[in-house]
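Heads up, the thing below is written out as structure tokens.
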Amino acid sequence: MNYFEIDTPALLIDREIMMDNLRSMQNYANEYNVHLRPHTKTHKMPTLAKLQEELGAVGITVAKVGEAEVMAKNGLKNIFIANEIVGKSKVERIRKLAETIDISFGIDNPYQVNQIEEVFEGAEKKAQVLVEIEVGEQRSGIIEESDFRALLEAVKACKNVEFRGVFSHDGHSYKAENIDECKELYLESVNRTLHFAKIAEEMGLKPKVVSIGSTPPFMLNFEIPNGVTEIRPGTYIFMDSSQSNVIGTYDRCAATVLTTVISKPTKERVITDVGAKGITAQTRSIGHTATKGLGRIKEFDDVYVHGVFDEHAIIYNESFSKQVYIGDKVQIIPNHICPVCNLYEKAYLISEGEVVQEIAIDCRAKLQ
């Protein structure tokens, strides 16, 4: 079936572009002798997670326990949950997973340690935890050295919790104005992560894992300093409009949303059949990932989605309107592909214009 026969809206994946993205990142990790542990929150598809491992990834990263459960059910055996886990019910689910797979997860507070110690009492394997280091993103993670030392002392006092390492996410590098600033933020983040890894070693808890992650620095082929053991990019598999702005080309965008022109009310207004429920209303407004509009029309230069309702995309472009007709289909490159994948039940893998596989998005809506 030609992809233009697919009913819309639909999520498409260009196989050749995706495979090139996957191989390039694996080669990059191999060059610096670090493990690649891709963040699968981007695609949420066990089929693609297995492909990433087949190409050399040491394991996968997820964001939620529910994602870990689905990935494990589908044969993934080495999973890191790059998030703080709070709540006995979630920790109990992790304990259950630990009976059959290698699973680790994030902490940044003694409260979590005490809860994990209680839930893992009597378990065959200790809970494997990594401490998140806040490196400038202004999200979760340890900020003060004193808090880090206190947290490690709490882990030391436990018999059911094992310190595995540290991890960080330099998401603020998305807001860099240019490549030079991105590199500066990246190196500051990595050095801060390595600093805390050194503190842990001095306390007798040498990290087995020093994990860093975000796509822009790796797409720009920044050097990975000694001491880092693994990287966790996610978006690289598909890319999107914001990431494309970092590297200066849309040629690496593997994922698009196919949509149909359903109305042309004026000479410049074009309406298609996908809205916020299919492409989101996300934008990036700062730095080198800044985007125009709410998505870029792939087949046309400088044509963007002006706005969205729940089920409608609104495009204002008279030249574009003259070139398309009711019933025509176009592809939108989303601004941020990760939440877009979460909106679809399946994706269509495309090769040379033909549908070669339908892939279930089994981890969609696994938010708990």
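The values are calculated or read from the model by the stated rules, or taken from the named source; none is laboratory data. Since the structure is predicted, the reported quantities are computational estimates derived from the model, not experimental observations. Heads up, the Cβs are rebuilt from the backbone with ideal geometry, glycines too, and the neighbour counts pull from every protein chain shown. The accessibility values were calculated without ligands, DNA or RNA, using every heavy atom of the protein model including side chains. Shrake-Rupley method; radii C 1.70, N 1.55, O 1.52, S 1.80 Å.
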When both residues are 6+ apart or on different chains and their Cβ atoms are under 7 Å apart, which pairs have a first residue that lies in segment 103-122 and is among the small types (G, A, S), and a second that is open to solvent by 50 Å² or more (accessible area, probe 1.4 Å)?
S104/R164
Which one is nearest to the chain's Cα centre (by Cα) among residues in segment 1-20 that are more than 15 Å from L48 (Cα to Cα) and among the aliphatic types (A, V, I, L, M)?
A10
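Inside segment 135-250, counting only helices (runs of 4 or more DSSP H) that do not spill past its ends, which hold 3 or more residues that are touching a helix residue (DSSP H, G or I) at 6+ places or on another chain (Cβ under 9 Å), open to solvent by 40 Å² or more (accessible area, probe 1.4 Å) and within 17 Å of I286 (Cα to Cα)?
Per the criteria, 179-202.
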Which one of these does V340 not meet: (1) under 25 Å from M239 (Cβ atoms); (2) in a helix (DSSP H, G or I); (3) without any contact (Cβ under 8 Å) to a residue 24 or more places away in the chain?
(3)
Among the residues of segment 99-118, which ones are farther than 12 Å from L130 by Cβ, not aromatic (F, W, Y) and not in a loop (DSSP other than H, G, I, E, B)?
D102, P110, V113, N114, Q115, I116, E117, E118
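For the subset of segment 251-269 comprising residues that are among the basic types (K, R) and farther than 16 Å from R23 by Cβ, which member is surrounded by the fewest Cβ atoms within 10 Å (Cβ to Cβ)?
Filtering segment 251-269 for residues among the basic types (K, R) gives 252, 264, 267, 269.
Filter once more, keeping what is farther than 16 Å from R23 by Cβ: 264, 267, 269.
On the way: K264: 16, K267: 9, R269: 15.
Per the stated criteria, the residue is K267.
So which of D310, D302 ends up being open to solvent by 40 Å² or more (accessible area, probe 1.4 Å) and closer than 30 Å to K183 by Cα? Don't jump to the end; show me each part of the working.
Working: D310 fails: closer than 30 Å to K183 by Cα.
Only one candidate qualifies: D302.
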Considering only residues that are open to solvent by less than 10 Å² (accessible area, probe 1.4 Å), touching a Cys at 6+ places or on another chain (Cβ under 8 Å) and assigned to a helix (DSSP H, G or I), look in segment 16-66 and name the one that is farthest from V91 (Cα to Cα).
P46
Residue count, segment 67-102 (criterion: polar (S, T, N, Q) and crowded, with 22+ Cβ neighbours inside 10 Å):
0
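Just checking, how many residues over segment 147-171 are modelled with pLDDT of 95 or more and within 20 Å of T235 (Cβ to Cβ)?
Let us first name the residues in segment 147-171 that are modelled with pLDDT of 95 or more, namely 147-170.
Narrowing the set further to residues that are within 20 Å of T235 (Cβ to Cβ) leaves 167-170.
Here the count works out to 4.
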